[in-house]
1. Let me have the relative contact order for the stretch 100-276, percent, based on Cα pairs under 8 Å that are six or more residues apart.
2. So what are the three principal axis dimensions of the stretch 157-285 from its Cα atoms, in whole Å, longest to shortest?
3. So what does the Cα-only Debye profile of the chain read at q = 0.14, 0.15 Å⁻¹, as log10 I(q)/I(0), no solvent term?
4. Among the complete DSSP H segments of the chain, which ones combine at least 15 Å of alpha-carbon extent along their axis with a mean Kyte-Doolittle hydropathy of 1.0 or more?
5. Please give, to one decimal in nm, the separation of the simple spin-label points placed at Glu205 and Ile141, each 7 Å out from Cα toward the Cβ.
6. State, to one decimal in nm, how far the label point of Gln180 lies from the label point of Asn43, with both points 7 Å from Cα in the Cβ direction.
7. If you rank Glu205, Glu258 by fewest surrounding Cβ atoms within 10 Å, what's the result?
8. Report relative contact order for the stretch 230-304 in percent, whole number only (criteria: Cα-Cα under 8 Å, sequence separation at least 6).
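Every read-out reported here was derived from the displayed coordinates using simple, explicitly stated rules and does not represent laboratory data. Note that the coordinates shown come from a computational prediction; the quantities given were computed from them, not determined experimentally. FYI the Cβ positions are ideal-geometry reconstructions off the backbone, even for glycines, and counts take in every protein chain you see.
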Amino acid sequence: MQHSIVFLDRSTLEANLRKPDFPHSYKEYAVTGPSETLDRLQNATIAIINKVPMREATLAKLTNLKMIAVAATGTDVVDKAYCKTHGIIVSNIRNYAFNTVPEHVFALAFALRRNLMAYRDDVRAGRWQDCDQFCFFDHPIRDMTGSTLGIVGYGAIGKAVGRIAEAFGQRVLAYDIFPQPGLTGFETLLRESDIITLHLPLTSETKNMIGARELRLMKKDSILINTGRGGLVDEEALADALPNKIIGGAGFDVLTVEPPKQGNILLDLRLPNFIVTPHVAWASREAMQILADQLIDNIDAFAVGKPQNVVEA
């Protein structure tokens, strides 16, 4: 059969996308709103999406659809239970962010441990120009070497973060909701870590797993990094903790609602010890090309009856 492939949000992927290796028609849209999904996928057999929701009410009307190829690792936008029941294959992207996400984690961690934002702001405000000596020490600077890094979510990316940490001479503690050898208790990790980085999926079990209680268990000068999912952290609790110096700082690449068109309590903070980036930890040019190549690999595999990277309900 000739497949009809439709990419609903092509603008989310800045990479070359090669043609699938089988007979097909192809159409792409830069972005797709909720009201446009049905019309654009009416005749599609393969849908490529990144963040466009695919819920039961929509899927039930797409009788030709055989595959949803998600151009990301997270698949929470897809009703996977419906897809499984109705024979729709859902695939995702795996193991493409080994380099880019850990690098972003450490970029945030270094900036916060060395108070780069605070010093930048002081220089802009004329503080250095007014000094009587060659430098000033208004904000503490802490080395990475000798510190303790707590990794919450010890999968492929978590382990990649751990390898870099060990190269910096850090002590590594790891916790995961999935049992494996060598893990540390969650509360022990919270109490002993100088930096905590989150790499878990968002589930009912992990939602708001870092709340007011957990933040108070952390060291007063500890740093919280979240490049996983926004919902892992209670944002109101964090918005209270940072200005009240319950923890030392935080670096976030994710929020509970993205994009935050209606605002977000964390975006109201104007603090040098809090950095927000717009969900770009994954988005190096190199990583996006790996993602794009694997995306087409997944589609090619499905077309020959050997689907790969299948996500179960």
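1. On the way: 302 pairs, mean separation 36.3, N = 177.
Across the stretch 100-276, relative contact order equals 21 percent.
2. Computed over the Cα atoms, the extents are 42, 36, 31 Å.
3. -1.08, -1.18
4. Numbers: long enough: 100-113 (20 Å, 0.96); 156-167 (17 Å, 0.64); 285-303 (27 Å, 0.21).
None pass (Cα extent of 15 Å or more, hydropathy at least 1.0).
5. It works out to 4.3 nm between the two label points.
6. Those two pseudo-labels are separated by 4.6 nm.
7. Numbers: Glu205 9, Glu258 13.
Ranked by crowding around the Cβ, least crowded first: Glu205, Glu258.
8. Working: 46 pairs, mean separation 23.3, N = 75.
Contact order relative to length: 31 percent.
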